[in-house]
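**Student:** Below you'll find the structure I mean.
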Amino acid sequence: MSAAALLDRAALAAIEALEATDDIEFGVRLLANTPTHENRDPALLRQWAAAADEFGAALAPVACTARVVESGDGLERGLLARYTSRPVPTVELFTDTLALAEELIDRLGWRHWYPAGSVRAAAIAHEAVHEQLHHGPEKTALKRSLNHVVLRAGRHRLYGHVAGADEIAAHAYARTVRGLGRSPLLLTAALATAAEPKHGSPQGSPHGRKK
């Protein structure tokens, strides 16, 4: 399936609207579509999205230690990449989705934002940093940066988990370390918009994760 075949007039108009949307707003939308946030104040979601984006952009570069494998059925699954930890840590890249993303970038004139090969590199970087955000000391640091206090006892505070914030941070990290001009979330939204008429549009991030 080519990008040209997918982009009718309505899709192009929708993608133009996406292009005019700031990157933090894509984070807000991700949070709004995440269970537990359905009734949250949009202002609070924007505060969390901005904090998670800033946190991810400031993370030090980390090497990907997982093995990298490729599959060809990502469009059917609505996935660009997926991380699994068992039996061994593995990043699975879906070549058909990556190819469509690269073609779409050229079709839309976004190559100055997403240099050739950067989508694949960003997908690997995105998955590599998730290990820190789920299991390392950065997990606690992210919670503190979001300042979602669920319990106070004197001077002590218990910070709660904000579902979806790690995904925003991982996208911001990938954007920064791979030198992208816009967040991968914009490209994600454009891919979903282009694929929607014929395939259905997956909600949220095209990065699957299994523990």
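The values are calculated or read from the model by the stated rules, or taken from the named source; none is laboratory data. Just so you know, these numbers come straight off a predicted model, no measurement behind them. Don't worry about glycine lacking a Cβ; one is built from the backbone with ideal geometry, like all the others, and counts go over all protein chains shown. Heads up: the accessible areas ignore ligands, DNA and RNA and are worked out on the full protein's heavy atoms, side chains in. Shrake-Rupley method; radii C 1.70, N 1.55, O 1.52, S 1.80 Å.
**Student:** On the protein heavy atoms, probe 1.4 angstrom, tell me the percent of accessible surface of the chain carried by carbon and sulfur.
**Tutor:** 52 percent
**Student:** Rg (Å, one decimal) plus Dmax (Å, integer) for the alpha carbons of region 67-158?
**Tutor:** 18.0, 57
**Student:** Express in whole angstrom the spacing between the alpha-carbon centres of region 176-193 and region 53-71.
**Tutor:** For region 176-193 versus region 53-71, the Cα centre distance is 15 Å.
**Student:** While we're here: Among Trp113, Ala13, His126, whose Cα lies farthest out toward the positive end of the dipole of the chain, if unit charges sit on the beta carbon of Lys, Arg (+1) and Asp, Glu (-1)?
**Tutor:** Positive-most Cα among the choices belongs to His126.
**Student:** What Kirkwood radius, in Å to one decimal, follows from the Cα pairs of region 6-118?
**Tutor:** Roughly 16.9 Å, rounded to one decimal.
**Student:** Hey, can you find the accessible area per residue of the chain for me, probe 1.4 Å, expressed in square angstrom?
**Tutor:** Roughly 50 Å² per residue, with all protein chains present.
**Student:** Sticking with this one: With θ set to phi - 60°, apply the Karplus curve 6.51 cos²θ - 1.76 cosθ + 1.60 along region 41-58 and write out the HN-Hα couplings as whole Hz, x wherever there is a Gly or Pro.
**Tutor:** 5, x, 5, 5, 4, 5, 4, 5, 4, 5, 5, 5, 5, 4, 4, x, 5, 8
**Student:** Using Cα-Cα distances under 8 Å and only pairs 6 or more residues apart, what relative contact order does the chain have, in percent?
**Tutor:** The normalised contact order for the chain reaches 31 percent.
**Student:** Can you give me the angle between helix 9-19 and the longest principal axis of the chain, using Cα atoms only, in degrees from 0 to 90, rounded to the nearest 10?
**Tutor:** That helix lies at roughly 30 degrees to the long axis.
**Student:** Okay, next question. Over all alpha-carbon pairs in the chain, figure out the percentage whose distance exceeds 30 Å.
**Tutor:** Taking all Cα-Cα pairs of the chain, the fraction more than 30 Å apart is 21 percent.
**Student:** Counting Lys and Arg as +1 and Asp and Glu as -1, each charge on the Cβ, what is the dipole of region 1-111 about the Cα centre in debye, to the nearest 20?
**Tutor:** In debye, rounded to 20, region 1-111 gives about 340.
**Student:** Tell me which residues come under 5 Å, amide H to amide H, from Ser71 once H is placed; ignore anything under 5 positions away on its chain.
**Tutor:** Leu93, Phe94, Thr95
**Student:** Using alpha carbons only, how many degrees (0 to 90, rounded to 10) separate the axis of helix 118-135 from the longest principal axis of the chain?
**Tutor:** Value to nearest ten degrees: 20.
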